[in-house]
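Below you'll find the structure, written out as C-alpha cells, and then a few comments.
Bear in mind these aren't lab numbers, they're just calculated from the coordinates by the rules spelled out. All values reported here derive from a predicted model rather than from experimental measurement. Counting neighbours? That spans all protein chains shown, and the Cβs are built from the backbone with ideal geometry, glycine included.
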Amino acid sequence: MRLLQIEQLDEDRVRLLVNPFSDPAFAPRYATLSHCWGRDPFFMLTNQTKNQLTSGILTSILSQTFQDAISVAKSLEIQYIWIDSLCIIQDSDQDWEEQAPLMDEVYRHAFLCIAAAASAKSSSGCFRTREASSMVTCEVTTSWNDRPNSVYQIYNSKIWPNAFEHQPLISRAWVVQELQLSSRILYFNSNQIFWQCYDKVACEELPTHIELDQRTADQQDDSFKFSTYDYHHQPLIVDRAPPIIRKNEYMRIWCGILEQYTKCHLTFLNDKLVAISGIASLFCEPLADTYCAGLWIRRMPIELLWTRGIRDFPKPALPKPTQECYRAPSWSWASMNGPVSLSNRYLYDEDQDSVVILVEIKSCHATTKTGDVFSEVSNGIIRLSGFLSKMQLRPVPDSESVTHWSAFLNGMWLDDADDSGLPRVILDHKPPPDPHEIFCLPIVLCFDGDEWELECLILVAIDGKKDTFERFGRLTISVDEILADYRGSELGDENSDSELGDADGHVEVQSRDSAWHHFILSWSKHYTTYSSSEGNDSLDFKTIAVQGAVEISIE
C-alpha cells in the first residue's frame, strides 16, 4: 500500500511513499479521497511518472479535486493522503491486481475520507460558492407544555437524504465500498458540507448533529442507505443477538448494500465484483459462509433467486452482455447490467420452516484472475440436481404496450402477473430465438404469507455442452394455480377430493409437508423432464422424487 506524503513547505508538494508500511512502527493518520474521475485526462501514477512522484511534485500540476483534498487534509493537520489514481499504477495490470485487494484496508484504517460529492470529474474541485443565507435555520420562540419561552429550530426533516439525491459521486459504484468502509466522512456537496461518522451526521445548517434515534422512520427509509451511518450501527446491535438471528440480520444488511450497489455505475464493467470485494470480505466471518462470484455457497439455492430490480418494471429485458465484457457466470447477480433485487425475505431466515428447497448444490466453483475469491472472475460453474422441465414463453403486451411474458409449462399456460400486477416471468435478457431450448428449474417451494409459490429459474441450454445451461430469468408459479389445473383434470376420480380439495377445486395448503405432497401430485401428471440420455426424453416426476433429480451444470 502506497501513500502520498504532504510536505510542509512554503510551496504545496506531495511525495509518493512506495512501501511505507514495511516499517512496523509506521502508523500514520491519513486521509482518503472518494471522487469521480470523469473523462478528461489528468496527472496520474504511471510507470512513466513513478520516479517523478517518488521524488516529489508540486500540487499545482494535479487536478483541482486532488489539490482541494490535499488542502483539506493539510488544514486538519493530516500529513498523508491516499488517492487511487496516484497510489495505484494506472498502466499496470499486475499492480492493479496487487493493490485492488487492499482497498478494504485502505478505507477501514483511514482517519478520514474526503468525499467530493458534487464533482462529476477530477477537474471540478471540492469547493463550491454557496449562498450563506440558505444555511441559516429558522428559530421560533414559543411555549410548549412545561417549557415556557423555549427556542425551537425549524428545518427540513429530509435534509440528509435530499442532500445526496443529485450528487454525481453517489452514482459511482466504487463509492459504495469506499463510504461503507470509512469511519469518518467529510462530504463536499453542492450546497454545503456534511459530516458523517458512526455516531452522528451533521452539516453546516445543523452543526450539532442528528442522532440515530432522533431520525424518523421515513428519514431512515429514504436516507443514504449504504452509508456507514446506517449499516455500521446495525452490526453493533446484531452482535448481541443469538447466533442464528445475527446471521439472518447480517444477510439482510448484505442484501441492502448489494441492491444499492447495483444501482450505481461502473466505468469498467469487469470491476463489478472487485468494487464490492472489500465489503464482501468483511461478511465472511459473521455469515460463517464461503463467497463465490458474488453469492454465498451455503445459502446458494435461495441466493440464485435474484431478479432484475423491481423498479425496472415494466421496462423490457436488456440484450445479453457480450462475451468481451464477461464479469460473472449467468447465475450471479454480477452478470447483470443495472439494478438487481434481493428482496425475497427467505434470503434472511435460516430457521423458518416455510420453505422447501428443491435443488441440491453438488459443487460451486469460480476461477479468479488472482486466486483470491474476492477478485475478478474469469468463469464459474454450479453443478446441481433438480427437477428440470421444458417450457415455452409467449409475449403478452399489456395496455401500455409493454411486453410481459406468459409461460407454458406442464400442459398449461400460467398467468403472466400476480394479483399485485407484478410479472411472474422476469427475464434477465431478451429471449433466445429458439423457444424449444427454454427450461424451468424449480428452486424452492415457499409460503409468502398468503399462498404457497414455486420460485424457479428459467434456463437456456448451451449449444455443444452436454447437460449445461445458463440462467435467463426467474419464474414464480402459484401452487393454487397448478393444483386447480390438476384438480380440474381429475374430476370424477373418487380419491381426488381427499387428496386435492373440495368439489369446486379449492385447495387449502396448510403446512410445508402438505405443500410438498401437493407439489408432487400436481406436477406428476404433466411433468416431462430434461434428459440427455438416448431414448429417455420423459420421466415421471414421482420417480424423480424417489430416485433423485437430474444433474446439470449452470454457467
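Long-range amide H contacts for Cys292: which residues qualify at under 5 Å (H placed 1.01 Å from N, peptide plane, sequence gap of 5 or more or a different chain)?
Residues meeting the amide H criterion: Ile297.
Given the peptides 278-287, 140-149, 455-464, arrange them by the average over their residues of other C-beta atoms within 10 Å, most packed first. Don't jump to the answer; show the numbers that get you there.
Values: 278-287: 17.7, 140-149: 8.5, 455-464: 19.2.
The packing order, highest mean first, is 455-464, 278-287, 140-149.
Taking neighbour counts of Cβ atoms within 10 Å as a proxy for exposure, in what order, fewest first, do His429, His209 appear?
On the way: His429 21, His209 15.
The order, fewest Cβ neighbours first, is His209, His429.
How many nm is it between the label spots at Ile297 and Met412, if each spot is 7 Å from the Cα in line with the beta carbon?
3.9 nm
Over the alpha carbons of the range 103-173, what is the largest minus smallest coordinate on each principal axis, giving the biggest first in Å?
53, 30, 19
Could you list which residues have their amide H under 5 Å from that of Leu358, counting only those 5 or more apart in sequence or on another chain, with H placed in the peptide plane?
Close amide H contacts, sequence-distant or interchain: Val444, Leu445.
Once you have the Cα-Cα distance between Phe268 and Ser75, take 0.36 nm times their residue separation minus that, and quote the gain in nm to one decimal. It would help to have the intermediate numbers written out before the result.
Working: separation 193, 0.36 × 193 = 69.48 nm, distance 3.41 nm.
Fully extending the segment from Phe268 to Ser75 adds 66.1 nm.
Using the 10 angstrom Cβ neighbour count as an exposure proxy, how do Trp82, Trp452 rank, fewest first?
On the way: Trp82 20, Trp452 25.
The fewest-first ordering by Cβ neighbours comes to Trp82, Trp452.
So if the hydrodynamic radius of the range 64-182 is defined as the Kirkwood radius over C-alpha pairs, what does Stokes-Einstein give as its diffusion coefficient at 25 °C and 0.890 mPa s, in µm² per second?
On the way: Rh = 17.8 Å.
Approximately 138 µm²/s, per Stokes-Einstein.
With no solvent and one equal point scatterer placed on each C-alpha of the range 1-76, evaluate the Debye formula and give log10 I(q)/I(0) for q = 0.18, 0.24, 0.25 Å⁻¹, two decimals.
Normalising to I(0) and taking log10 leaves -0.81, -1.37, -1.44.
Can you pick out the pairs among Lys247/Lys466; Lys263/Lys466; Lys247/Lys272; Lys74/Lys369; Lys50/Lys369 whose Cα atoms lie more than 31 Å from each other?
Values: Lys247/Lys466 37 Å; Lys263/Lys466 35 Å; Lys247/Lys272 25 Å; Lys74/Lys369 38 Å; Lys50/Lys369 25 Å.
Among Lys247/Lys466; Lys263/Lys466; Lys247/Lys272; Lys74/Lys369; Lys50/Lys369, the Cα-Cα distance tops 31 Å for Lys247/Lys466; Lys263/Lys466; Lys74/Lys369.
When you count, for each residue, the other Cβ atoms within 10 Å and take the mean per peptide, how do 168-174, 355-361 rank with the highest first?
Working: 168-174: 20.3, 355-361: 18.0.
Final packing ranking: 168-174, 355-361.
Local charge sum around Asp467 (other residues, Cβ-Cβ under 10 Å, Lys/Arg +1, Asp/Glu -1)? Before the final figure, lay out the partial values.
On the way: positive: Arg383, Lys465, Lys466; negative: Glu551.
That works out to +2.
Of the chymotrypsin sites (Phe, Trp or Tyr not before Pro) in the range 1-44, which ones lie in a loop per DSSP and count no more than 12 other C-beta atoms within 10 Å?
Details: sites: Phe21, Phe26, Tyr30, Trp37, Phe42, Phe43; in loops: Phe26, Trp37, Phe42, Phe43.
Loop-located and lightly packed - Phe26.
Near the amide H of Leu457, under 5 Å away, which other amide H atoms are found, from residues 5 or more places off or on another chain, if H is placed in the peptide plane?
Leu441, Ile443, Leu475
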